[in-house]
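See below for the structure under consideration.
The values are calculated or read from the model by the stated rules, or taken from the named source; none is laboratory data. Note that this is a predicted model, so its numbers are computed, not measured. Don't worry about glycine lacking a Cβ; one is built from the backbone with ideal geometry, like all the others, and counts go over all protein chains shown. What goes into the accessible areas is simple: the full protein's heavy atoms, side chains included, and nothing from ligands, DNA or RNA. Shrake-Rupley method; radii C 1.70, N 1.55, O 1.52, S 1.80 Å.
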Amino acid sequence: MSQPPPPIAPAPPPSAVGGGGVQVRCAGCKLILTVAPGVTEFVCPTCQLPQMLPPELMKVQFKTAAATTTPPPPQLPSPPPPAVPPSYSPSLPPPLILPAPPSSQPQQHVPAHGIDPTKIQVPCAHCKAILNVPHGLARFTCPQCNVDLAVDLSKLKQFYQPRPTPTPPPPPEEINEVAIEVEREEDEGGLVGETFTDYRPPKLSIGPPHPDPIVETSSLSAVQPPEPTYDLTIRDDLESSKALSCLQIETLVYACQRHLQHLPTGTRAGFFVGDGAGVGKGRTIAGLIWENWHHGRRKSLWISVGSDLKFDARRDLDDVGANCIEVHALNKLPYSKLDSKSVGVKEGVVFLTYSSLIASSEKGRSRLQQLAQWCASGFDGLVIFDECHKAKNLVPEAGSQPTRTGEAVLDLQARLPEARVVYCSATGASEPRNMGYMVRLGLWGAGTSFIDFRDFLSVFSCLLSHAMRNCAIFILYLFYLY
């Protein structure tokens, strides 16, 4: 425990000191201060509090200042200062000084150092000292040079700086136990307020709960997903190993169910996984590969943003029990046929990056041709576009050219019309323009309300407000699931 501070000793009465000036106690920090001769206003060097000498000490100051300089010629007697009322307190403004006849003898003037923020600061027209003038006082006497002064109201504004109005504190935040108000920053949309609710699969009860809390927007929670009709082959393995949560198993069911459908163009329908970061999209992809492996589809393409993610893919496959599936890094393989005797890649997962997808050898053989040859015609295995937003610039804004990555993603889907395409990204649909490569979703083209993607883009780009954009998400969600 800290000991209480010693009591403050009583202040000595204000008195003159031998070296000139007077000693007073600071009204703020209570320290004893020595005020130089001739100074009536000052700022405490410790607590920075502007102060003024009491009227009874001003006369002592002027006498002390006069004694430290060359004795001036005899002066005319001046009337005594007015008596200080007994009720006067140093904390109140000093009483007004009655006008005094100006002295014809020169005096040594020391500029004032104290500033009272509650008064108007006006310079003296004679000694140039800055004076603290109470509001509403039209005439007064300078306490340093005893010159009668009058306030010129027409020029007062240039000396008076109004005090800024303090900003009121913000109201206390309201806590909603059902929904959480959060803010998220979109690419070009600024800060958007969204209401999120807890998410649980409404029509599936397979697998354990997800280890982390998962939420979805309240607008999407109002839309019920379709009835699950697909029966997983690896369901028993997943229930015993608990490698996937109920949320990830739900994605497996709806993705496999979607891959059983074909679009009016004849190509196989694709699936978009838009789970946020940290939900576990990598392990969900591994579960899809493991499910298709049990159906005899032993070849898969996994395209991502970095070659080091190949080790994460290997880990995710091991977690779901797919230890027998090999993962081949394409950047470590030659440009020759992958299923040739020299290379020997007969089955498994070929892992590559978007940079490798547009690469080519010195002889002109491209990785895209190599992959199409390995998959062969009639390929109905998985093609995973992980972090698919890397291909978002397929349809750029006016004046720009489409990127090679976007064109390669589109070309690979055209070469493999029966492939089971999966798009994975937490920000894949942040803007309608970024969805140009998602041709397997069936949102435009034959059998839809839009002739092509540009027709689709022209409609949804007009929905600029956040409310209308939510309506657009509703339409996409319903059209895509059903």
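In segment 33-44, of all residues being closer than 13 Å to Leu57 by Cβ and part of a loop (DSSP other than H, G, I, E, B), the one that is most open to solvent (accessible area, probe 1.4 Å) corresponds to Ala36. One residue stands out in segment 1-23 among those that are in a loop (DSSP other than H, G, I, E, B), closer than 24 Å to Cys145 by Cα and open to solvent by less than 70 Å² (accessible area, probe 1.4 Å): the one that is modelled with the highest pLDDT, namely Gly21. Would you mind stating whether Leu352 is part of a helix (DSSP H, G or I), buried (at least 17 other Cβ atoms within 10 Å of the Cβ) and at negative phi? Against the criterion (part of a helix (DSSP H, G or I), buried (at least 17 other Cβ atoms within 10 Å of the Cβ) and at negative phi), Leu352 does not qualify.
Selection of strands (runs of 3 or more DSSP E) fully inside segment 201-317 by the criterion of at least 2 residues being surrounded by fewer than 19 Cβ atoms within 10 Å (Cβ to Cβ) returns 215-217. Of the residues making up segment 402-450, those that are closer than 16 Å to Gly270 by Cβ and assigned to a loop (DSSP other than H, G, I, E, B) number 17. Criterion applied to Ser366, Ser361 was being out of contact with any strand residue (DSSP E or B) (no Cβ under 7 Å at 6 or more places or on another chain) and of a type in the set (S, T, N, Q), and the one residue passing it is Ser361. Considering (1) open to solvent by 30 Å² or more (accessible area, probe 1.4 Å); (2) touching a Phe, Trp or Tyr at 6+ places or on another chain (Cβ under 7 Å); (3) over 30 Å from Gly278 (Cα atoms), the lone condition that Gln370 does not fulfil carries the number (1).
Within segment 24-32, is there a residue that is part of a loop (DSSP other than H, G, I, E, B), open to solvent by less than 90 Å² (accessible area, probe 1.4 Å) and either of a type in the set (Asp, Glu) or modelled with pLDDT under 75 (or both)? Scanning segment 24-32, I find no residue that is part of a loop (DSSP other than H, G, I, E, B), open to solvent by less than 90 Å² (accessible area, probe 1.4 Å) and either of a type in the set (Asp, Glu) or modelled with pLDDT under 75 (or both), so the answer is no. Filtering Ala398, Ala414 for residues that are exposed (fewer than 15 other Cβ atoms within 10 Å of the Cβ) and modelled with pLDDT under 95 leaves a single hit, Ala398. In the set (1) more than 24 Å from His389 (Cβ to Cβ); (2) within 39 Å of the chain's Cα centre (by Cα), Asp275 fails one condition alone, (1).
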